[in-house]
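> Before I ask anything, here is the structure I am working with.
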Amino acid sequence: MRIVLLGAPGSGKGTQAAVVAQRLGIDHIASGDLFREAANRGDELGQEVKAYMEKGLLVPDEVVIKMILERLSASDSARGFILDGFPRTLEQAEALDRSLEQSEGKIEKAVYIKVSTEELVKRLGGRLICRNCQTPYHEISSPPKVAGRCDLCGDELYRRPDDAPQTVRKRLEVYFAETAPLIAYYREAGKLVEINGERGIEEVGEELIAALTKEGGGDF
Ligand code: AP5
């Protein structure tokens, strides 16, 4: 089971990928989380990617592709993976396809979570993230049980610097120019599943699981 999750910043990729990974017993690989971990470590990769993330720009393809393909080869789940935030350019999608072909594998489904721009801006404006496990919360739609603390690990919640309004505007601009064309790429390959992401978190999750599993008419 090899799944790609597509959607604009704030569409709920991280929120839903965690649910799908747990329910289907597959690996959740999030490029943004890997970059934030590197930035926190402050190593060479971290310093390089931090500058791009702070400006709302994409990290160069060669850096992302190398990191994700290495992470995929180290995946410990025999059942497969869900990719959250990768691929984000045509070059990344083609590199992923080529790499999987070498082991006679392929992406089976690309799920696109569709959300209006107005709603994306609202979600990113109220998002809180766990400093340790990176679980996302929202101050209004999904607040933590204890203010400022993660329900899962108890660590501190913070606002991502790239959720500042001017950086959100840049990220959305970059998304529509560089990443949205991947919707057509996967549609043409007959792999696209479109989900209405503008409903409650649980409702979106149920539709997503149903679209992927045999019980709901999906393949798995
Ligand atoms: P990344 O971390 O991947 O950010 P993103 O794609 O911009 O996506 P987000 O994490 O902002 O949103 P999400 O869709 O996961 O939404 P979430 O579930 O949190 O990337 C960050 C940066 O890293 C990039 O800008 C780039 O610089 C770099 N990068 C990463 N991958 C790269 C790549 N492949 N190539 C190049 N550069 C790369 O939800 C958002 C909020 O909404 C939360 O508060 C949540 O609680 C709430 N919410 C979720 N669902 C619902 C719902 N149904 N109803 C109401 N609220 C909801």
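The values are calculated or read from the model by the stated rules, or taken from the named source; none is laboratory data. These figures come from a predicted structure and were not determined experimentally. Note that we place each Cβ from the backbone using ideal geometry, even for glycine, and neighbour counts take in every protein chain shown.
> Which of the residues spanning the stretch 191-210 are within 11 Å of the ligand (Cβ to nearest atom) and part of a strand (DSSP E or B)?
Result: 195, 196.
> Let me ask another. Within the bounds of the stretch 113-133, is there any residue that is surrounded by 15 or more Cβ atoms within 10 Å (Cβ to Cβ) and hydroxyl-bearing (Ser, Thr, Tyr)?
For the stretch 113-133, residues surrounded by 15 or more Cβ atoms within 10 Å (Cβ to Cβ) and hydroxyl-bearing (Ser, Thr, Tyr): absent.
> Looking for something part of a helix (DSSP H, G or I), in contact (Cβ under 8 Å) with a residue 40 or more places away in the chain and buried (at least 21 other Cβ atoms within 10 Å of the Cβ) - is there at least one such residue anywhere in the stretch 2-13? So that I can check it myself, show each step before the final result.
From the stretch 2-13, those part of a helix (DSSP H, G or I) are 13; that's our starting set.
Cutting the leftovers down to in contact (Cβ under 8 Å) with a residue 40 or more places away in the chain gives us 13.
Filter once more, so that each one left must be buried (at least 21 other Cβ atoms within 10 Å of the Cβ): 13.
Yes, the stretch 2-13 contains at least one residue that is part of a helix (DSSP H, G or I), in contact (Cβ under 8 Å) with a residue 40 or more places away in the chain and buried (at least 21 other Cβ atoms within 10 Å of the Cβ).
> All but one of (1) more than 12 Å from the ligand (Cβ to nearest atom); (2) buried (at least 18 other Cβ atoms within 10 Å of the Cβ) hold for residue 38; which doesn't?
Residue 38 satisfies every listed condition except (1).
> Now for a separate question. Looking at (1) within 11 Å of the ligand (Cβ to nearest atom); (2) surrounded by 13 or more Cβ atoms within 10 Å (Cβ to Cβ); (3) more than 17 Å from the chain's Cα centre (by Cα); (4) hydrophobic (A, V, I, L, M, F, W, C), which is the only condition residue 45 fails?
Status for residue 45: all satisfied but (1).
> Only one of (1) surrounded by fewer than 19 Cβ atoms within 10 Å (Cβ to Cβ); (2) assigned to a helix (DSSP H, G or I); (3) at pLDDT below 95 is not met by residue 75, so which one is it?
With (1) surrounded by fewer than 19 Cβ atoms within 10 Å (Cβ to Cβ); (2) assigned to a helix (DSSP H, G or I); (3) at pLDDT below 95 applied to residue 75, the lone miss is (2).
> A follow-up question, please. Just one of the numbered conditions (1) near the ligand (Cβ under 9 Å from one of its atoms); (2) of a type in the set (Lys, Arg); (3) not in a loop (DSSP other than H, G, I, E, B) is not true of residue 169; which one?
Evaluating residue 169 over (1) near the ligand (Cβ under 9 Å from one of its atoms); (2) of a type in the set (Lys, Arg); (3) not in a loop (DSSP other than H, G, I, E, B) leaves (1) as the failure.
> Now for a different question. When the stretch 72-86 is examined, which residues are found to be of a type outside the set (Phe, Trp, Tyr) and away from the ligand (no atom under 14 Å from the Cβ)?
Listed by number, the residues that qualify are 73, 74, 75, 76, 77, 78, 79, 80.
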